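All remarks here apply to the structure that follows.
The values are calculated or read from the model by the stated rules, or taken from the named source; none is laboratory data. Worth saying up front: this structure is predicted, and the values here are computed from it rather than measured. Positions of Cβ are generated from backbone atoms using ideal geometry, with glycine treated the same way; all protein chains shown enter the neighbour counts.
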Amino acid sequence: MKRNLKLGGALKIYLLWPIILTALLLCMNLSIFVIDRKAGIIMSVYVLLYFLIAISLFYIKRPKIASELVSYAIGYGQVQKRLLKELALPYAILDLEGKMQWGNDEFMDIIHEKKAALRSISNVFPEITKDAFPKMEKDEELHLVFNGRNYRVLLRKVIAPDFDEDIDWSFYENENNWEGKNALIAMYLYDETEIMGLQKENKDQKLITGLLYIDNYEEALESIDEVRRSLLTALVDRKITKYMQGIDAVIKKLEKDKYIFVFQQKFLPQLQSNRFSLLEEVRGVNIGNEMSVTISMGLGVNADTFIGSYEYARAAIDLALGRGGDQAVVKDRDKISYYGGKSVQVEKSTRVKARVKAHALREFIEGKDKVVIMGHKIGDVDSFGSAIGVYRIAKTLNKKTHIVINEVTTSLRPMMSRFVGNPDYEEDMFIKNEQAKEIVDHNTLLVIVDVNRPSYTECEELLGFTRTIVILDHHRQTSEVIENAVLSYIETYASSTSEMVAEVLQYIGGSLKLKPIEADALYAGIMIDTNNFLTKTGVRTFEAAAFLRRSGTDVTRIRKSFRIEMVDFKAKADAISNTEVFLKYYAITTCDATEANSPTVLGAQIANELLNIAGIKATFVITPFHDKIYVSARSIDEVNVQIIMEKLGGGGHMSVAGTQFENSTIQEAISKIKATLTTMSQEGEL
């Protein structure tokens, strides 16, 4: 069989070279023959002899060379097969059904289950199914754990149709074209246990920067007699220091109520699992102090540099304080996690901050030609009242002022009708989005009231039209913030934005005087947001109300403005009668008020009403409106509904919050709320 083999290609040409070179010798022979005839004849004899020997060797030795080439190929193939079999890299061949056809020694040493693999590789590695196989020439890669070790698996489809190396891969983009072809799956196992171990060790040893602030240091000390103040401070310090020792942290006091600490990232899961128990421990310190001490923590994780980690921590602590304190915020690049925040923030007794913000606001207004005021979408009475207060400030300073309102709800209509058509106010006092886009420019002051999330504002596009933005709000901040605000006055302890604006009005100066209908709007905003002064009211709330009463507010006139229509009253009664109590403490109902002009406002009223039921800790009212599902959440003091709503994409206050669902049904919204309540209840977050 070996003698029948024919040589070809480069090898045949190589063996023919002695014969081909005979032509060169003939040319040499002719040259010599011309010079000397006798010498030419002698040379001809030698050339002929050379040619005969070359021809003989070619035909005689060719079968032997071919035989030796075959022997070499066989030997080389055996060596190659042995090398592949003993290759240190685990390697196996699978068919398209996932059955192992062959595996080298290293692969077999790993799986120890050859029979199971022969039936299907998924019997050994459940993660490797037919769906995981490569669909075309692109390799597929997956990671798995087997026998306590981590492996990176590379799956490569090998095809040799008719053993032709020139493959048109475009033909095989359709998976059906693989059928009947010489296709196999090459499987490589790369042990990455050590690499992953080093990666984990490197990650665990990364340093996290944290900031810790005592929220109410001065107020807590004032609530206890002077003799025990040093003891209270020492106990809080001891709690903080002991907690930090438990995570091997280095902590340094920056000021009397501010700390910075650094610890390894491997301790972060421990802190997250106990939900930063230091918050509860410090709050539990009591040596007769009437006010519990609360702290806020901000942590910066996975920053590229130490400075970056510190900046993350700064952003996190600002967010924690902006949300009312008594909580920990972890900023992991763009991901932000919240822990705690269960206690009600204590109202600040001093008005220093209000005075400072009032002076800053006046300076910004005086420095611009125009002022545009904007609240949140589907504006409520608090948004409207606070906008009217800022309008009065701007008009007192002789600035052209507009208020952006797109949709007038039934709750706003009675109040707004007193301004529209009133000769004391300009016709363009209220404008819509299109008009606002034409008015706002770089010489315009944009004042945002009763909202601090850009997506919730009446016209988000206006935020990019000017660089001078002022925010006045009482809602807790979230990770979605309005960038580059020149003045941000966000006080979460305030009952309403109208209360904050009423305080600011008293420090503006310039002979500012509220008109009675303007005072009515501000007073109504406080009244609605506090549920007739029952929710989140403090000393400053009543002081603001007293100022508005002195400015001409008529409570009877306001009460008449907020009487509801019969259709709204019936919708409210139906929603209350169909209320479901979930997990013993949570009231859930639907407000299907399609005939009402302001279903969302009605839903908020129903949520407040349901809190009057004994044993109810929180209420959730689902209201369909304008192809969206609106959720109003309310509580008194036992449950932080803001955290619940944040998990559903919303936000708000501890006792007043809400969210919106798009492309969702009422039943889907109810299911999401129930699932969130169940999960949070099981994890102890409620």
Q. Within the range 499-532, which residues are in a helix (DSSP H, G or I) and touching a Ser or Thr at 6+ places or on another chain (Cβ under 6 Å)?
A. E499, V501, A519, D520, L522, Y523, G525, I526, D529
**Q.** Residues of the range 203-243 satisfying the condition of being in contact (Cβ under 8 Å) with a residue 12 or more places away in the chain and either hydroxyl-bearing (S, T, Y) or in contact with a Lys or Arg (Cβ under 6 Å, 6 or more places away or on another chain) (or both)
**A.** D204, T209, Y213, Y217, L221, S223, T233, Y243
Q) Can you name every residue in the range 245-277 that is in a helix (DSSP H, G or I) and touching a residue at least 60 places away in the same chain (Cβ under 8 Å)? A) Q265, K266, L268, Q272
Q: Could you tell me whether any residue of the range 468-475 is under 24 Å from R540 (Cα atoms), without any contact (Cβ under 8 Å) to a residue 40 or more places away in the chain and surrounded by 18 or more Cβ atoms within 10 Å (Cβ to Cβ)?
A: yes
Q: Starting from the range 310-326, take each residue that is closer than 16 Å to F276 by Cα and list its partners that are among the basic types (K, R), counting only C-beta distances under 8 angstrom and pairs at least six apart or across chains.
A: A313/K331; A316/K331; D326/R283; D326/K342
Q | Yes/no for T535 being touching an Asp or Glu at 6+ places or on another chain (Cβ under 7 Å), assigned to a loop (DSSP other than H, G, I, E, B) and more than 11 Å from E499 (Cα to Cα) | A | no
Q: Within the range 157-204, track down each residue that is in a strand (DSSP E or B) and at pLDDT 80 or above.
A: K157, L184, I185, A186, M187, Y188, L189, Y190, D191
Q. Within the range 461-476, restricting attention to residues that are assigned to a loop (DSSP other than H, G, I, E, B) and of a type outside the set (S, T, N, Q), which residue is modelled with the lowest pLDDT?
A. R476
Q: Answer with yes or no whether A92 is closer than 30 Å to L189 by Cβ, under 60 Å from the mean Cα position of the chain (by Cα), modelled with pLDDT under 80 and outside any helix (DSSP H, G or I).
A: no
Q | Looking only at the range 211-236, and only at residues there that are charged (D, E, K, R) and surrounded by 14 or more Cβ atoms within 10 Å (Cβ to Cβ), the one that is nearest to Y310 (Cα to Cα) | A | D215
Q | Condition check for I508: under 20 Å from I388 (Cβ atoms) and touching a residue at least 60 places away in the same chain (Cβ under 8 Å) | A | yes
Q: Report yes if some residue within the range 305-315 is buried (at least 22 other Cβ atoms within 10 Å of the Cβ) and farther than 24 Å from I471 by Cβ; otherwise report no.
A: yes
(Q) Out of the residues in the range 288-306 meeting the condition of being at pLDDT 85 or above and hydrophobic (A, V, I, L, M, F, W, C), tell me which one is nearest to A328 (Cα to Cα). (A) M297
**Q.** Contacts under 8 angstrom Cβ, first residue in the range 112-133 being not assigned by TED's automatic domain parsing to the domain that holds L184, partner crowded, with 16+ Cβ neighbours inside 10 Å and β-branched (V, I, T), 6 or more apart
**A.** none
(Q) Being part of a helix (DSSP H, G or I) and either outside the structural domain of A313 (by TED's automatic domain parsing) or within 31 Å of the chain's Cα centre (by Cα) (or both) is the filter here; which residues of the range 213-244 pass it? (A) I240, Y243, M244
Q: Specify which of the listed residues (A593, A587, A633) is within 19 Å of E668 (Cα to Cα), over 27 Å from the mean Cα position of the chain (by Cα) and modelled with pLDDT of 90 or more.
A: A587
(Q) If a residue must be polar (S, T, N, Q) and either part of a loop (DSSP other than H, G, I, E, B) or free of Cβ contacts under 8 Å to residues at least 24 places away in the same chain (or both), how many such residues does the range 415-443 contain? (A) 3
Q: Select from the range 116-156 the residues that are polar (S, T, N, Q) and either closer than 16 Å to A92 by Cα or at pLDDT below 80 (or both) and list them in ascending order.
A: S120, S122, N123, T129
**Q.** I405 of a type in the set (A, V, I, L, M), assigned by TED's automatic domain parsing to the domain that holds K432 and either within 20 Å of A596 (Cα to Cα) or modelled with pLDDT under 90 (or both)
**A.** yes
**Q.** Residue that is farthest from L321 (Cα to Cα), among those in the range 477-498 that are among the hydrophobic types (A, V, I, L, M, F, W, C) and not in a loop (DSSP other than H, G, I, E, B)
**A.** L487
**Q.** Candidates E609, E638, E685 - the one that is acidic (D, E) and touching a residue at least 60 places away in the same chain (Cβ under 8 Å)
**A.** E685
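Residue-by-condition table, conditions (1) buried (at least 18 other Cβ atoms within 10 Å of the Cβ); (2) closer than 23 Å to D473 by Cβ:
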residue	(1), (2)
N612	no, no
T619	yes, no
I622	yes, no
Y630	yes, yes
Q642	yes, yes
E646	yes, yes
G658	yes, yes
